[in-house]
């Protein structure tokens, strides 16, 4: 059962990812994720963290590919310096061959608890970054899962979302 956490951001995430009173978890598709991000941006609030982990499912070949290396993770702290944020991004780049500096800035932002403007801006940057990431993930999934052109129509992206 999914726990409904306190806070406006957590409530929005719960609304978009819980089904039947939290008995089941929903994994939004691309449109659902964009709607969720829009709602989070409009909330003008922050939370401790927000994590979005993309995955691709293909029903015809009954396979799934998770993209942990392209996971979005934003942490909000009492204080954050540009140096701390850059160090976190560089560490993520070192651990992930698919990530470069622009991707790191889109996927690993940090903000202060009292800075909903930066929180919203970071989500908008991530939302825009999806235009680059989704075709990249699609190409990876196609290769990793050995998909043919006929298989492609049976696949879709979903996103596992957590907040705290």
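No lab work stands behind these numbers, since they all come straight from the coordinates. Small disclaimer: the values here were computed from a predicted structure and weren't measured. Here the Cβ is made from the backbone with ideal geometry for all residues, glycine too, and neighbour counts use every protein chain on show.
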Round to the nearest 0.05 the FRET efficiency obtained for residue 131 and residue 77 when R0 = 30 Å and r is the Cβ-Cβ distance. 0.55
Rounded to the nearest 10 degrees, the helix 82-95 long axis (Cα) sits at an angle to the longest Cα principal axis of the chain of 20 degrees
Where both residues lie in the range 37-128, what percent of DSSP beta bridges are antiparallel, nearest 5? 75 percent
The range 1-60 and the range 116-146: distance between their alpha carbon centers, rounded to Å: 16 Å
What fraction of the DSSP beta bridges in the chain is antiparallel, stated in percent and rounded to the nearest 5? 85 percent
Computed on Cα atoms, the radius of gyration and Dmax of the range 1-78 in angstrom are 13.8, 47
Which of 46, 29 has the fewest Cβ neighbours within 10 Å, and the rest in rising order: 29, 46
If r is the Cβ-Cβ distance from residue 35 to residue 145 and R0 is 30 Å, what FRET efficiency results, to the nearest 0.05? 0.65
